[in-house]
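Just so it is clear, none of the values below were taken in a lab; they were calculated from the coordinates. None of these values were measured; they are calculated from a predicted model. Heads up, the Cβs are rebuilt from the backbone with ideal geometry, glycines too, and the neighbour counts pull from every protein chain shown.
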Amino acid sequence: MNLNELVAIDTHTHAEVSCCQPKDPYFEPYERAADKYFKNANRPTIAETIAYYRERKIGLVMFSVDSESHIGNRRIPNEEVAEAAQQNSDMMIAFASIDPHKGRMGAREARKLIEDYGVKGFKFHPTVQGFNPQDRMAWPLYEVIAEYQLPAIFHSGHSGIGSGMRGGGGLRLETSNPMLLDGVAVDFPDMQIVIAHPSWPWQDEALSVCLHKPNVWIDLSGWSPKYFPPQLVQYANTLLRDRILFGSDFPLIAPDRWLEDFEQAGFKDSVKPLILKQNAIRLLKLDQPA
């Protein structure tokens, strides 16, 4: 990344529409429910997302979510996201998403994506992928991530996916309690764990795990900062100031809105540069030689 040219690094953006494969209609009921929940039906292609961020001089971490086993929708290829990052390496980093139900085959894929495609981290969504983060089914994937000392983002808290659908679309919120990541942080101290989103209704659990385990971080995606719980702002300004990250959850929340509200949310001026860029530089090791 050309760090001097970037005003911020958004550590949480989604690849929503592939540029090389047709859209899978199977997932549409979940998308419509999420559109209603977030009051946003914007679904840009990967190329449109990159152009949007380039215009704003904001770096981005992009990933899809592989929920092929639990929901049954076809995923966007990790290779497509990785190749886009290679072509836009001055401002984009690719994370991969692999369904933990894929076991050893998933671990093989992870290693190939790291070694051959330059993937710099991984994204998990326990609710959408239908797994408990402490389930040893996920260990083969974690072992590869830890071997390369890469970060892994885990969705936490409530999910707009499935909200309002009959039976919540078959998705269980309990698997996204951030306290379930505490044991993972113990068993994989070389894997940097990012708890995504203000973790309502488990915000205090997220803060506790992050405070106790030095390999745990929190990204602020998925909510406008004006709605952040006061204790999240308090810890971001003090004890956790070095492990809080800017994330938008684009396209569900636009960085323009997030950054505007961030200025009025009670964060100290001395902390804002850490959240917007400096902490991400350390997490992603962008200040180290390739």
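Assorted remarks:
- Over the chain, all Cα pairs binned in 5 Å intervals from 0 give whole-percent P(r) values of 1, 6, 13, 18, 21, 19, 14, 7, 1, 0, 0, listed from short to long.
- Across the chain, the mean sequence separation of Cα contacts (distance under 8 Å, 6 or more residues apart), normalised by length, yields a relative contact order of 18 percent.
- Set of aspartates and glutamates with alpha-carbon distance to LYS268 below 20 Å, sequence-local pairs under 8 removed: ASP10, ASP219, ASP242, ASP256, GLU260
- Base-10 log of normalised Debye intensity for region 61-207 (one unit scatterer per alpha-carbon) at q = 0.09, 0.11, 0.21, 0.22 Å⁻¹: -0.26, -0.39, -1.38, -1.47
- For a straight C-alpha distance cut-off of 18 angstrom, the lysines reachable from LYS272 (same-chain residues fewer than eight places away being disregarded) are LYS57, LYS226.
- The Cβ shell under 10 Å around VAL271 holds other residues with a net charge of +1, Lys and Arg each +1, Asp and Glu each -1.
- In terms of the mean number of neighbouring beta-carbon atoms within 10 Å, the peptides 78-84, 237-243 order highest first as 78-84, 237-243.
- In nm, spacing of pseudo-spin labels at ASP187 and GLN87 (7 Å Cα→C-beta vector): 3.9
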